[in-house]
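The values are calculated or read from the model by the stated rules, or taken from the named source; none is laboratory data. Keep in mind it's a predicted model, so treat the numbers as computed, not measured. A quick note on method: Cβ atoms are made from the backbone with ideal geometry, for glycine too, and the neighbour counts reach across all protein chains shown. Each accessible area value is taken on the protein alone, full model and side chains, heavy atoms only, with ligands, DNA and RNA left out. Shrake-Rupley method; radii C 1.70, N 1.55, O 1.52, S 1.80 Å.
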Amino acid sequence: MKELVEVIAKALVDHPDEVAVTEKESGKSLTVELHVAPSDMGKVIGKQGRIAKAIRTVVKAAAMEDNQKVDVEIN
């Protein structure tokens with residue numbers, strides 16, 4: 001999941017070198033944290049959170065194959 005979020009985020013931002021993705025696993029739940037430059041935060045979140053919601057939807061769909069629960073946090 002980490003690679004998927006990283007590829008999507010790097011395609012959206014102006015400073016792809018400042019994109020950092022970390023994973024925290026607890027049981028069957030996985031939390032993916034996305035860190036971007038402050039100037040790119042709006043591009044990752046989008047108007048009314050649409051892009052952030054789309055990223056979460058894609059990641060959850062990919063996680064369904066592994067029967068995992070994945071949460072994406074944008075920091």
**Asked** Accessible surface of Glu73 in the full protein assembly, 1.4 angstrom probe, to the nearest 10 Å²?
**Response** 80 Å²
**Asked** Can you run phi through the Karplus equation (6.51, -1.76, 1.60; θ = phi - 60°) for region 49-65 and list ³J(HN,Hα) in whole Hz, with x for Gly and Pro?
**Response** x, 5, 5, 4, 5, 5, 4, 4, 5, 5, 5, 5, 5, 5, 6, 4, 5
**Item:** Cα-based equivalent ellipsoid, region 1-74: semi-axes from gyration tensor eigenvalues, Å
**Value:** 21, 13, 10
**Request:** Please turn the phi angles of region 24-40 into ³J(HN,Hα) values with the Karplus equation 6.51 cos²θ - 1.76 cosθ + 1.60 (θ = phi - 60°), one per residue in order, whole Hz, x for glycine and proline.
**Result:** 10, 10, 9, x, 8, 9, 10, 10, 10, 9, 10, 10, 10, 5, x, 6, 9
**Message:** Just to make sure I understand: if all protein chains stay in place, what is the order of Ile45, Ile8 by accessible area at 1.4 Å, largest first?
**Reply:** Ile45, Ile8
**Message:** Rolling a 1.4 angstrom probe over the protein chains, ignoring ligands and nucleic acids, what is the accessible area of Met64 in square angstrom, nearest 10?
**Reply:** 140 Å²
**Prompt:** Leaving out ligands, DNA and RNA, what percent of the accessible area of the chain is carbon and sulfur, probe 1.4 Å?
**Reply:** 53 percent
**Fill in**
Per-residue accessible area, 1.4 Å probe, largest first, puts Arg56, Arg50 in the order Arg50, Arg56
**Request:** Report the FRET efficiency, 1/(1 + (r/R0)^6), for Val7 and Lys28, where r is their Cβ-Cβ distance and R0 is 22 Å, rounded to 0.05.
**Result:** 0.35
**Prompt:** Given a 1.4 Å probe, how much area per residue of region 1-51 is accessible, in Å²?
**Reply:** 62 Å²
**Item:** Spatially near lysine pairs across the chain, Cα under 13 Å, sequence gap of 8 or more or different chains
**Value:** 8
